[in-house]
Amino acid sequence: TGKATANMMAKAKGKVLFIDEAYQLNPQIGGGYMSEVVDEIVKSLTSENLRGKMVVILAGYESDIDAMLKVNQGLRSRFSEKWHFKDITAATAASM
């Protein structure tokens, strides 16, 4: 999984990588192999080759994302901005 993650990160160079339900990267939710995935994401975002050359968006429930960002000491610092979108009703969504 580390190699597949490294390949995915390299493919995303110069692009936007959107990770939906990113809280599943937390090994307590997504399984033990997720530690390897998270480690590779941190390594890639820190590497000279990729640092500052892509946008990575982690999407998911706020409390779950916060817990996931704690699984690796360096992970939270790789994400400089946090945007929170308020919940909307089905009627509001339909009217959009």
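Scanning region 59-96 for residues that are open to solvent by less than 90 Å² (accessible area, probe 1.4 Å) and of a type in the set (V, I, T) turns up I65, V71, T89, T92. With the requirement that a residue be closer than 22 Å to P27 by Cβ and over 15 Å from the mean Cα position of the chain (by Cα), what does region 5-15 give you? Residue satisfying the conditions is N7 alone. Every test in (1) at pLDDT 95 or above; (2) surrounded by 13 or more Cβ atoms within 10 Å (Cβ to Cβ); (3) among the β-branched types (V, I, T) is passed by V16 save one, and that test is (2). When both residues are 6+ apart or on different chains and their Cβ atoms are under 6 Å apart, which pairs have a first residue that lies in region 43-60 and is under 19 Å from A22 (Cα atoms), and a second that is loosely packed, with under 12 Cβ neighbours inside 10 Å and aliphatic (A, V, I, L, M)? These pairs meet every condition: V55/V16.
When K53 is tested against the conditions (1) open to solvent by 40 Å² or more (accessible area, probe 1.4 Å); (2) part of a helix (DSSP H, G or I), the lone failure is (2). F18 passes every criterion in (1) assigned to a helix (DSSP H, G or I); (2) closer than 28 Å to K86 by Cβ apart from (1).
The values are calculated or read from the model by the stated rules, or taken from the named source; none is laboratory data. Just so it is clear, the structure is predicted and the values come from calculations on it, not from any experiment. Glycine gets a Cβ as well: all are built from the backbone with ideal geometry, and neighbour counts include every protein chain shown. Please note that ligands, DNA and RNA were not included when accessible areas were found on the heavy atoms of the full protein model with its side chains. Shrake-Rupley method; radii C 1.70, N 1.55, O 1.52, S 1.80 Å.
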